[in-house]
Every structure is written in C-alpha cells, then in structure tokens.
Amino acid sequence: MNNVMIDTGNYIAAKAAVMTQPDVVAAYPITPQTTLVEGIAKYHETGEFKGEYICVESEHSAMAACIGASATGVRTFTGTSSHGLLLMHEMLHWAALARLPVIMCNINRVVGPGWNIWADENDSISQRDTGWIQFYCSSNQEIFDTIIQSFKLGEHEKVSLPVMINYNAFILSHTSMPVHIPTQKEINDFLPKRKPLWNLDINNPITFGNIILPPEYEKVRKEMQESQENAKKLIKEISKEWKNKFGRYHGDLLELYECEDAEYILLSMGAIGAESKVAINNLRKKGLKIGLARVRTFRPFPKEEILKISKNSDLIVIDRNISIGMEGALFSEIKASLYGKSDSKVYGFISGLGGKDVTFQDIEKMCEKVINGKANDLEWYGLEGV
Amino acid sequence: MSTRPLIEICLHGRGGQGAVTAANLLVAAALNDGSLGVQAFPFFGAERRGAPVRAFARISDEEIHLRSEIYNPDIVIVLDESIMDVVDVLKGLKKGGKILINTRRKPCDFTFSNKFTVGTVDATGIALKNEILVGGIPVVNTPILGAIPKILDRVTLESIQKNIKIKWKGDQSNKNVKATQEAFDQMELNQ
C-alpha cells in the first residue's frame, strides 16, 4: 500500500506533472485550478520539481511562456480553467500550429457571467477547433495516468501536438480518492525524454512563424489532421502499454462498459461517465439491455468506434455543455459520425450545466425516458419549466 | 470476504473547524483499514470562516463510481452543535442512521435519540484541554475523529492516529493523538 496516495484531483495532477520531470511550468492561478499550481509550486520548493517555475501575469502569458519554452525543445506543462483557458485561446491555436507538445490540465468550469465556479464543459468544448488533443477524465487515477500518457502521446513524432487533460471542477479537482503512484524509475522507463522535431537554438538560428502562402498553409492544416488521426492509433497503443506495465486501463478513445449485448448505449464524458456506471448497473438489474461508452477523447473524435457500437444499439447522449443555437456538442459529433452509415436513433440530453449535480437516479430517468419512447430528440433534463 | 455495503457520511461544521480535513483523515484511515474505495470531498463552493460548511466521505470495499453529492447519509457528524439551529442535519439521514455530535449534553438530551443512534462527545472541551487551537479558536476535527470508531466498524482508532502522525509532527501530532484517545474514551452512546 506504500505506493497509494490519497489526495484531490488537483494534487494528484501536480504529482503526475512533476513525475514527468518537465523543464518548464508556467502558470497563473484560477479557481478551481489553484491547488494544482500550488501543488507544483510546493514541489518546486521541496526540490522534487527541478525545472523552471515561471509565475506569469495572465493565462495568455502562461501559454506564451510554455510555447516559447517548448520551442526550445524542452518539456512543458501548465494548468488552467474556464476564463483562464478562454484568455489563452489565441495561444492555443499558436501551440498547435507550431506543433508544440505543451501538456495542460484544464479544470472544466462554467464560463461567466453570472459568476459560477462549478463544473461545466463549455470552456474546453469552445476550444474544439484549436488543434489540441482533448481528454476527459472521470477519476483521480485516470487523471494521473492520462497526464503521464499524454506526454508520450503529444511528444510522439507522429503526433507532435499539444494535449489538454480535462476534468470537472470540484467533482474531481477537490475530491480525494486513492491513486496508485508508480515509482519515478517506472515513469522514466515508460516516458523517455522529449525528442523535438525542431527547436530554437541560439547556436543555430532559425525563424519560425514567418509568412506562409496558401498552398503551404493548407498543407500544414492537413498534416495536423493526419497527426490527430495518428493519435487515435497511438492512444490505443499507449493505453495498452500502460495496462501491461501498471495493470490499469481506463479505455482508450472510449471506455466501454456492459456494451456487448446492449440495445441502448449511453454516451457521456467526465464525471458523469463514472456516475453512469452506477446507473447502468441499476438498469441492468431491471432487465434493461443497456451499456455505457464513456467518451475519453473529444479530439481526436472516436467516430469509427462510435459507428461500430451503434450497429446494434440506439444511442443516448448526455452533454454537460451546449453549443448555443444547435445542441450539446457531443450529441452533434455523434450524429455526424453516424450520418449515412447507421440507422440507429440518437437522443440528446443537456444536463448538469452550471455545476448542477447529476446523480445516478437522474441518469436512470433519462435512459428510461428514451427506452419508454417518451424522449424528444433534444431534452433539457430536470430544468424547471421544461 | 463478502463486500460490505457502501457507507456515506456527512460532516457539518463551520468554516475553519476542519470538517474537510476530518473527512480526509477519516477516509485515509478507512483505506488503511482495508476499505479499498474511499472518497472525501467538500461541499462544492466558496468557504468562509464561521459560516456553516459541509464535507462528505464515502467508504466502500470497491472502487467508487459515484461522483454526486451525498443526499442520504448513513452517518452524520456535527462538529458544531449550534449548526443544528440553522441547518437540518437530520435531513436525508437513513432509517437506523447514526449521528455523532460535539456537545456537552448527553444522547438522551436529544429528542431524536429514540429514532437514531446518537453519540455525544465534548470535542470542544478536549480541544481546549489539549490546546488544539488555531488563532485561539479550538479545532474540533481531530478530537471528534477519535469517537468515530465507536459508531463505525470500518475504521480503527489506531489508523486514525497513524494518519494524524503522518499529517502532523512533534508536539502538534502528540496533542492530536491524545485528543482522539480522550474522545474515544469519553464518548457516550444511547444504544
């Protein structure tokens, strides 16, 4: 039991980040990410984190500092949340287009106004098109394991893209759970030092980010798309390698639970994906053939895997976000994945916005509404007056 | 060994009394005593010193998938008796549930002692006696932890004390360990 650490999602993330031995961490505090960067600062003080810790004046600067450091070829990490992530927006595009594997935790929090610090995925969903790989975690162990795996993925020569590890405000960031921590040697064996594709070097000066003409720019975009496709394969390989080495597996692009004979499959992300397992167990006890596909990666989007599971099942989607003027973002992507290739019905629920609690009873009710033929295409679950 | 049912605990206190720390120490002790799935979390929101706060703990033999709040606790722990005037601490408490209160009164002094298992301990007195103070104010979280093994068989006093020794060192640790022992010895139960 010596290697079990019991702590909050943020402190576990700090531990994971430090164990990847980053050269530079640049961060700016924001609720509910604050204890993550406090944790890293503490490791810096004790000497466990030997890299450079840069205190900056804003999140835009935090990402800019990570980009600058990453461009010199070193390993970088940061963390943010909500408005902090939004302030980084320009730099997020920059990191991805420069093909720099900056690794970042984003603690999913509501976007204001109305001031609200609770869980909601609209902050990271609105960064969908920046080129970043996006993971969504459902437990502290998954946060730890995904951070380590993300460095291997993002820094891989076939990917070379930044990675955002998302987890829900408070529900994970401030909840203590036991987490198995490998030894530093085990981490080092799994995660070799970064080998950059290019880097700034004062002894060998180059220019980066200069004018680029349309044909070349289009090529850059296509290469990014191909790298995201490569990431799909690598995420599977890396999670399998992790499983073989450490005995833990949280799924790859999807985590499938009780899906084999399922007539209905529930899809959700983040903490709702964990709570859903309790709902699935209860619905199974009632004799309903239902399973869960927890979506771990929003980018790259697992469209092939979702098409595959839709073969014998109708799909129920719960979004803790909404693309205003359309519908839940996950709901849209899932329908696009099936278009013209599947006859399965897809039902979407919006639930848990603004940090509203989503209990397993709520999830059961949503599923039963679909199974009983009572659900519309898009439902706002539990909202007063709807 | 068959799997024991999930235990859900709700702690009520005031900001600064250490309800969250108590929840964390409690589940760390439960993990040490063989409950493989544990969770501790605060009420999700801004905390202010002196304002009513809640913290939660779950203890299970298996990995816990629940991420929602606790609405129907098995056990309620009240760190500050005066909270009971403004917060319905019995709300949602399961039938046959248990409640542990920091008070100088006896279990039979509480009208609900005919419905629930009621434990009482003067954690404030123990904190004052052992000089467990922050800014001159008694911190009752560790003393009250010492009483919990008497109402919850998933956790031992030894494990609680072990985790206190991990968290604090020297005199601070000794005072807290002594306080848990006193709470364990002095606690009174109605049944």
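The values are calculated or read from the model by the stated rules, or taken from the named source; none is laboratory data. Remember, predicted model here, so these are calculated numbers, not experimental data. For neighbour counting, all protein chains shown are included, and Cβ atoms are generated from backbone atoms with ideal geometry for every residue, glycine included. Accessible surface is based on the protein model in full, side chains and every heavy atom, while ligands, DNA and RNA are left aside. Shrake-Rupley method; radii C 1.70, N 1.55, O 1.52, S 1.80 Å.
Structure values in brief
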quantity	calculated
Residue within region A:30-46 that is in contact with an Asp or Glu (Cβ under 8 Å, 6 or more places away or on another chain), outside any loop (DSSP other than H, G, I, E, B) and assigned by TED's automatic domain parsing to the domain that holds A:Leu153 present	no
Within region B:145-182, considering residues that are in a helix (DSSP H, G or I) and acidic (Asp, Glu), the one surrounded by the most Cβ atoms within 10 Å (Cβ to Cβ)	B:Glu182
Single unsatisfied condition, B:Thr142 versus (1) part of a loop (DSSP other than H, G, I, E, B); (2) in contact (Cβ under 8 Å) with a residue 60 or more places away in the chain; (3) closer than 21 Å to B:Ile83 by Cα	(1)
Meets criteria (touching a strand residue (DSSP E or B) at 6+ places or on another chain (Cβ under 9 Å), at pLDDT 95 or above and within 13 Å of chain B (Cβ to nearest Cβ)) for A:Asn106	no
Residue satisfying condition, being more than 14 Å from every other protein chain (Cβ to nearest Cβ), under 27 Å from A:Trp118 (Cβ atoms), open to solvent by less than 30 Å² (accessible area, probe 1.4 Å) and out of contact with any Gly (no Cβ under 6 Å at 6 or more places or on another chain), within set B:Ile59, B:Ile70, B:Ile77, B:Ile99	B:Ile77
Conditions (1) farther than 23 Å from B:Ile160 by Cβ; (2) under 18 Å from the mean Cα position of the chain (by Cα); (3) at pLDDT below 95: number failed by B:Val20	(1)
Segments classed as strands (runs of 3 or more DSSP E), wholly inside region A:93-190, with at least 2 members that are more than 27 Å from A:Gln225 (Cα to Cα) and not aliphatic (A, V, I, L, M)	A:176-180
Residue check for A:Leu86: in the same structural domain as A:Ala65 (by TED's automatic domain parsing) and open to solvent by 30 Å² or more (accessible area, probe 1.4 Å)	yes
Selection from region B:38-52 of residues that are crowded, with 17+ Cβ neighbours inside 10 Å and at the interface with chain A (Cβ under 8 Å from one of its Cβ atoms)	B:Val38, B:Gln39, B:Ala40, B:Phe41, B:Pro42, B:Phe44
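Table: residues versus (1) outside any loop (DSSP other than H, G, I, E, B); (2) surrounded by fewer than 24 Cβ atoms within 10 Å (Cβ to Cβ); (3) outside the structural domain of A:Ser150 (by TED's automatic domain parsing).
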{"position": "A:Phe301", "(1), (2), (3)": "no, yes, yes"}
{"position": "A:Glu304", "(1), (2), (3)": "yes, yes, yes"}
{"position": "A:Ile316", "(1), (2), (3)": "yes, no, yes"}
{"position": "A:Ser332", "(1), (2), (3)": "yes, yes, yes"}
{"position": "A:Gly340", "(1), (2), (3)": "no, yes, yes"}
